[in-house]
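Novice: Here it is, the structure in full.
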Amino acid sequence: MNATHAGPIELRSSALDAAWIRGAVEIERVDGTLTPHRLPGWARRRVNDPFMVGTSAEAAGIRLAVRTAATVIEIDFDGTRMVENEQVDIQPGTWQLVEAGHVVETAQAASKGRYVFSFDAPTGLRIPAHTPSTVRFDTQATGGERDLEIWLPYTDAVRLRALRADAPVAASERPAQRPKWVHYGSSISHGYQATAPTGTWPAVAALSSDVELTSLAFAGGAMLDPFVARVIRDQPADLISIKVGINLVNSDVMRLRAFGPALQGFLDTIREGHPHTPIVLVSPIWCEPVETVSGPTIEIARNGGKWTVATGTAADVAAGKLSLHVIRREIAAVVAERSDSDTALSYVDGLRLYGAEDARLLPLPDNLHPSPEVQELIGRRWAALVFAERAKGGQTSGSR
């Protein structure tokens, strides 16, 4: 609900400050604009997949952390949305204003730029916006400075052009007081099917536990790329989590022989920069099509929507392809093998976050991605299994 004001409100421009931006690993500055990136420039040049080029540019988990007495805030931005063609309408992106871990205002604004991509026509064509978009927050706050976070849409790439408010805006000091969590994952962690940026399961977990999130979740892109391990290695972190498996199976990019060594090498690289930081390896949540058979998966039309099915077989798995059952077994084996020398490494079975019984009660709408309700469920369970246990000084209760 918007506030009612007695008269016109005078908005004053505030110079954009990179110190406001949280959840980015690099901030690009061009002519007074700021573009937050979840991969640094050198790593972006390593991406050879046009789909990951688009998804890694999206602002999942990125927010502005400010301290202000403002009741009205406007942001001008250039937004880019991944779309299937040049003609499709772009639906508004969702922005959210958060105070003390709770959403106090939600606003929508449509991006005007396009990144044209479909798996049938993977062009990766960029069509920039010709004019900026504007998002406006109009709150019911009555005065006094407060710490706010403005969460950017996880669906869009965003370049920030200008900010206006009815009171001065400064960087919040609150984020520096929180534990830093770096999370790596797939579209399930990126948040696909969530209805808002704070509705992705990592955001749910972080907000409920007062943790500072950096999301390195890339839809379709959690492939254990060595350059991503280097990025994680170089990030400040009090906790690192690696949720891997579904993209490897669904894209059929790796066999059993390669998976274990690739995961070990990913961990070895991270440990170069974080020799003692707790790392949680997380296996996939329940996904019926590839529980016991291999990928690749394909999408078919069903009941007016998309439905994911597997094209592999159990015989393929016996010959060395990967299923989710195999992935979970191998991740647990890697943790067990390293446990004598790496006591800060633990394992969370993804079925503890969302398992077969959950799927019966809350099925995945497309047979792959969690619904908004399931995103919330996973986030709350992660907070209990990992953050709450660590706050008590104990082992992760999902560890094996």
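The values are calculated or read from the model by the stated rules, or taken from the named source; none is laboratory data. This structure is a prediction, so every number in the text was calculated from the model and none was measured. So basically every Cβ, Gly included, is an ideal-geometry build from the backbone, and we count neighbours across all protein chains shown.
Novice: Which ones in region 137-181 are more than 30 Å from residue 91 (Cα to Cα) and among the acidic types (Asp, Glu)?
Specialist: Residues of region 137-181 that are more than 30 Å from residue 91 (Cα to Cα), as a first pass: 142-146, 167-168, 170-181.
Correct list: 145, 173.
Novice: Being among the acidic types (Asp, Glu), closer than 14 Å to residue 246 by Cβ and either in contact with a helix residue (DSSP H, G or I) (Cβ under 7 Å, 6 or more places away or on another chain) or in the same structural domain as residue 220 (by TED's automatic domain parsing) (or both): is that true of residue 342 here? Full working, then the answer.
Specialist: On the way: among the acidic types (Asp, Glu): yes; closer than 14 Å to residue 246 by Cβ: no; either in contact with a helix residue (DSSP H, G or I) (Cβ under 7 Å, 6 or more places away or on another chain) or in the same structural domain as residue 220 (by TED's automatic domain parsing) (or both): yes.
No: the conditions fail for residue 342.
Novice: Which strands (runs of 3 or more DSSP E) sit wholly inside region 265-333 and have at least 2 residues that are closer than 30 Å to residue 385 by Cα?
Specialist: Working: elements: 279-282, 297-302, 305-310.
Once the strands (runs of 3 or more DSSP E) in region 265-333 are filtered for at least 2 residues that are closer than 30 Å to residue 385 by Cα, what remains is 279-282.
Novice: Surrounded by 14 or more Cβ atoms within 10 Å (Cβ to Cβ) and farther than 15 Å from residue 134 by Cα, is that true of residue 88? Reasoning before the result, please.
Specialist: Details: surrounded by 14 or more Cβ atoms within 10 Å (Cβ to Cβ): no; farther than 15 Å from residue 134 by Cα: yes.
Answer is no for this residue.
Novice: Further question: Considering each residue of region 43-55, count those that are assigned to a helix (DSSP H, G or I), touching a residue at least 40 places away in the same chain (Cβ under 8 Å) and in contact with a helix residue (DSSP H, G or I) (Cβ under 9 Å, 6 or more places away or on another chain), and give that number.
Specialist: From region 43-55, those assigned to a helix (DSSP H, G or I) are 43-44, 50-55; that's our starting set.
Add one more test, that the residue is touching a residue at least 40 places away in the same chain (Cβ under 8 Å), and what stays is 43, 50-55.
Add one more test, that the residue is in contact with a helix residue (DSSP H, G or I) (Cβ under 9 Å, 6 or more places away or on another chain), and what stays is 43, 53, 55.
Within region 43-55, residues that are assigned to a helix (DSSP H, G or I), touching a residue at least 40 places away in the same chain (Cβ under 8 Å) and in contact with a helix residue (DSSP H, G or I) (Cβ under 9 Å, 6 or more places away or on another chain) number 3.
One line per residue, one yes/no per condition, for (1) buried (at least 20 other Cβ atoms within 10 Å of the Cβ); (2) in contact with a helix residue (DSSP H, G or I) (Cβ under 8 Å, 6 or more places away or on another chain):
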| site | (1), (2) |
| --- | --- |
| 299 | no, no |
| 320 | no, yes |
| 347 | yes, yes |
| 353 | yes, yes |
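Novice: Looking at region 61-99 only, could you name the residues that are touching a residue at least 12 places away in the same chain (Cβ under 8 Å) and part of a loop (DSSP other than H, G, I, E, B)?
Specialist: So the first thing to find is which residues in region 61-99 are touching a residue at least 12 places away in the same chain (Cβ under 8 Å), and the list is 61-86, 90-99.
Within region 61-99, 61, 62, 69, 70, 71, 84, 85, 86, 90, 91, 92 meet the criteria.
Novice: Taking residue 340 and the conditions (1) under 20 Å from residue 263 (Cα atoms); (2) surrounded by 17 or more Cβ atoms within 10 Å (Cβ to Cβ); (3) charged (D, E, K, R), which numbered condition does it fall short on, given that it satisfies the others?
Specialist: So the condition that residue 340 fails would be (2).
Novice: Would region 187-198 turn up any residue that is crowded, with 21+ Cβ neighbours inside 10 Å, over 19 Å from residue 369 (Cβ atoms) and in contact with a helix residue (DSSP H, G or I) (Cβ under 6 Å, 6 or more places away or on another chain)?
Specialist: no
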